[in-house]
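Engineer: One structure, pasted below without further comment.
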Amino acid sequence: MDILSAFLTGLPATLEQGLIYAVLALGIMITYTILDFPDLTVDGSFPLGGVVTISLLLEGWHPLLALLAAALAGALAGLATGLIHVKMKVRDLFSGIIVMTALYSINLRIASGSALLNVRGTATTLFRNNPVANALPKEAANLILLVVIVLALKFLLDWFFTTRSGYLLRAVGDNDRVVTALARDKGNVKIAGLVIANSLVALSGAVFSQHLRMFEVGMGAGTLVLGLASVIIGITLFKRAQKVKQTTAVIIGSLLYKASVSLAIACGLAPGDMKLVTAALFLGILAMGRIKGKEKKHAGS
Amino acid sequence: MLEVKSLHKVYNPGTVREMCLFEDFSLNIGEHQFVSVVGSNGSGKTSLLNILCGSIPVEGGQVLMDGEDITNQKEHVRNRRIGRIHQNPAMGTCAGMTILENLSLSDNKTKRMGLKQGTDKNRVAAYKQLLAPLGLGLEDMLNARCGSLSGGQRQALALVMATLTPVDFLILDEHTAALDPKTAETIMKLTDRVVREKNLTTIMVTHNLRYALEYGDRLLMMHKGGVVLDKQGADKQKLRIEDLLGMFNSISIECGN
């Protein structure tokens, strides 16, 4: 019962984190499941979003503008990876690693050399000291705001995938020959996908930082694995349910992933063991997926 | 009109596996001509198609489209005027997308991409009208994913997609080879009808000598990067399958097969 009560006490925080990482997972869904691109850029673009948003809050920017700026910074990171991969023909994994490595220093630069930035509790963030947050019941304000953000992004993405550009993005991951046949440069479509994905990842990092009112230079370590775990849990669970949109599956995957990690901690593991739990969980899911029969790869892709 | 002039193509240049395929190879394909190309493996048929479409680079020579030098033009740019169907039916469609989405994609080929709705609901009736004459029932399953279709259905859809927007050239790369004989026959008839209706300049590579004789108005036999037989019009009609087979065999014996 101790385990259960510990888990339940932590549940609101777990849900909040799950929702924040759901935004990250939506970004990784685009690179991993749609573009089939193992994009390590995210380990740098997640903290990039954090440092941009916190620096701007410290400058007195409006929290929403600070989010937007973070997303734009993430878009630039995605653009860099895309250009390196497509125009300079560097392997996908290496392109991401190069930009991720560079971003570590860039993030420190943006933070003027400090590894830790804090925003005071009295400052205006998305979750505090603004008219909307003040109007909401105090205990549920964070959760409500996060649900709104995640749902808004989910519906935006769902809509995007039904547009002409969205079709093209889906096509390039599915069978890039079709994109070439449509007289479109498949490389440019890939770059666009990386731009969108990394702006979502940076946005997630920005929300994360506004939530905790801090940026820490190491906060990006393991971002890809964490996001991938969420994506794969969601997609594996809803593989047979054609009616469930992939975006919904991924959001639920993120919530479940966070719940499993906090359950493991409630069982007595130290918070420091979290990465180990993540790794074990991720391995478990992958192995399970293997046993159930790996999803068929489409020919020609 | 498609033309290649004194083409040079070398595979694996500078290595021990260096292989010169085309050496000063020239070919002219007239406007609205339907050319079937036969030849043994390694004779250069598919390489020729890849060179025309810009899928592989050349070491020398020129590729001309209606007199314009397109040797260095990128593949996707050439595709504005070219429709191509591959041997593997999976290559022409997106497996994870529905028939309707695939058709919509092709329909947007000449349009600006942007954020307009991918599928134009007003076009659905027109799509059904295009699919119905195929006789494969595709018009009743617009929302089925292409990955769930049979090879013949996917190839038929690929044909419709490749010619949905106006193109001038159709490139067929053994497009019936992976299909069962009956489906192959259906697809071949469909192809012929589309080519005639749209007046397309067509190059069809095939291993089926009968198709090469029956369809098209010019026949080429290729061997070791050269054309060893080129018949058109009345001359082509006089050709019999035995003649072709005889020639094919003599070539093969020469190669030691």
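The values are calculated or read from the model by the stated rules, or taken from the named source; none is laboratory data. Computed from a predicted model, the values in this text were never measured in an experiment. Heads up, the Cβs are rebuilt from the backbone with ideal geometry, glycines too, and the neighbour counts pull from every protein chain shown.
Engineer: Residue check: is A:I232 at pLDDT below 95, under 25 Å from A:D176 (Cα atoms) and not acidic (D, E)?
Structural biologist: In short, yes.
Engineer: Considering only residues that are touching a residue at least 40 places away in the same chain (Cβ under 8 Å) and more than 7 Å from chain A (Cβ to nearest Cβ), look in the range B:94-121 and name the one that is farthest from B:L170 (Cα to Cα).
Structural biologist: So the residue we want is B:T98.
Engineer: Is it fair to say B:M188 is surrounded by 18 or more Cβ atoms within 10 Å (Cβ to Cβ), over 24 Å from A:A183 (Cα atoms) and within 13 Å of the chain's Cα centre (by Cα)?
Structural biologist: Yes, satisfied.
Engineer: Across the range B:167-195, what is the number of residues that are touching a strand residue (DSSP E or B) at 6+ places or on another chain (Cβ under 6 Å) and either without any contact (Cβ under 8 Å) to a residue 12 or more places away in the chain or part of a helix (DSSP H, G or I) (or both)?
Structural biologist: Residues meeting the conditions: 1.
Engineer: Among the candidates A:T180, A:T248, single out the residue that is surrounded by fewer than 21 Cβ atoms within 10 Å (Cβ to Cβ) and at pLDDT 95 or above.
Structural biologist: The match here is A:T248.
Engineer: Taking the range B:67-76, which residues are β-branched (V, I, T) and at the interface with chain A (Cβ under 7 Å from one of its Cβ atoms)?
Structural biologist: none
Engineer: Evaluate the range B:134-148: report whether one residue or more is under 20 Å from the mean Cα position of the chain (by Cα) and surrounded by fewer than 19 Cβ atoms within 10 Å (Cβ to Cβ).
Structural biologist: yes
Engineer: Which ones in the range A:114-142 are part of a helix (DSSP H, G or I) and touching a residue at least 60 places away in the same chain (Cβ under 8 Å)? If you could, list the steps in order and put the result at the bottom.
Structural biologist: So the first thing to find is which residues in the range A:114-142 are part of a helix (DSSP H, G or I), and the list is A:131-135, A:141-142.
Correct list: A:N142 only.
Engineer: Moving on to the next point. Assess whether A:D158 counts as being within 9 Å of another protein chain (Cβ to nearest Cβ), at pLDDT 95 or above and surrounded by fewer than 20 Cβ atoms within 10 Å (Cβ to Cβ). I'd like the intermediate steps shown before the answer.
Structural biologist: Values: within 9 Å of another protein chain (Cβ to nearest Cβ): no; at pLDDT 95 or above: yes; surrounded by fewer than 20 Cβ atoms within 10 Å (Cβ to Cβ): yes.
So A:D158 fails the test.
Engineer: Just need a number here: residues in the range B:204-224 that are not hydrophobic (A, V, I, L, M, F, W, C) and not in a loop (DSSP other than H, G, I, E, B).
Structural biologist: Summing the residues that are not hydrophobic (A, V, I, L, M, F, W, C) and not in a loop (DSSP other than H, G, I, E, B) in the range B:204-224 gives 5.
Engineer: Collect the residues in the range B:199-229 that are among the charged types (D, E, K, R) and surrounded by 15 or more Cβ atoms within 10 Å (Cβ to Cβ), keeping them in residue-number order.
Structural biologist: B:D217, B:R218, B:K224
Engineer: Can B:L245 be described as touching a residue at least 40 places away in the same chain (Cβ under 8 Å) and at negative phi?
Structural biologist: No.
Engineer: Ok, one more. Suppose we filter A:R177, A:R184 for residues that are basic (K, R), farther than 18 Å from A:A66 by Cα, within 14 Å of another protein chain (Cβ to nearest Cβ) and not in a loop (DSSP other than H, G, I, E, B); which single one remains?
Structural biologist: Answer to the selection: A:R177.
Engineer: A further question on this structure: Just give me the residues in the range A:161-172 being facing another protein chain (nearest Cβ under 8 Å) and assigned to a helix (DSSP H, G or I), in sequence order.
Structural biologist: A:R164, A:S165, A:G166, A:Y167, A:L168, A:R170, A:A171
Engineer: Checking the structure you have, find out if any residue of the range B:170-181 is more than 14 Å from chain A (Cβ to nearest Cβ), surrounded by fewer than 17 Cβ atoms within 10 Å (Cβ to Cβ), within 29 Å of B:M247 (Cα to Cα) and touching a helix residue (DSSP H, G or I) at 6+ places or on another chain (Cβ under 7 Å).
Structural biologist: Checked against the condition, which is being more than 14 Å from chain A (Cβ to nearest Cβ), surrounded by fewer than 17 Cβ atoms within 10 Å (Cβ to Cβ), within 29 Å of B:M247 (Cα to Cα) and touching a helix residue (DSSP H, G or I) at 6+ places or on another chain (Cβ under 7 Å), the range B:170-181 yields no hits at all.
Engineer: If A:F161 satisfies all but one of (1) within 20 Å of A:I28 (Cβ to Cβ); (2) in contact with a Gly (Cβ under 8 Å, 6 or more places away or on another chain), what's the number of the condition it fails?
Structural biologist: A:F161 satisfies all of (1) within 20 Å of A:I28 (Cβ to Cβ); (2) in contact with a Gly (Cβ under 8 Å, 6 or more places away or on another chain) except (2).
Engineer: Right, next: So, in the range B:67-120, of the ones that are of a type in the set (V, I, T) and closer than 22 Å to B:L190 by Cβ, which residue ends up nearest to the chain's Cα centre (by Cα)?
Structural biologist: Here the residue is B:I85.
Engineer: Next up: Assigned to a helix (DSSP H, G or I), in contact (Cβ under 8 Å) with a residue 60 or more places away in the chain, of a type in the set (A, V, I, L, M, F, W, C) and within 13 Å of chain A (Cβ to nearest Cβ): does that describe B:L157?
Structural biologist: Working: assigned to a helix (DSSP H, G or I): yes; in contact (Cβ under 8 Å) with a residue 60 or more places away in the chain: yes; of a type in the set (A, V, I, L, M, F, W, C): yes; within 13 Å of chain A (Cβ to nearest Cβ): yes.
When the stated conditions are applied, B:L157 passes them.
Engineer: Quick one: what pairs do we get from the range A:143-155, first residue buried (at least 16 other Cβ atoms within 10 Å of the Cβ), second small (G, A, S), C-beta under 6 Å, 6+ apart or different chains?
Structural biologist: Hits for this filter: A:V150/A:A22.
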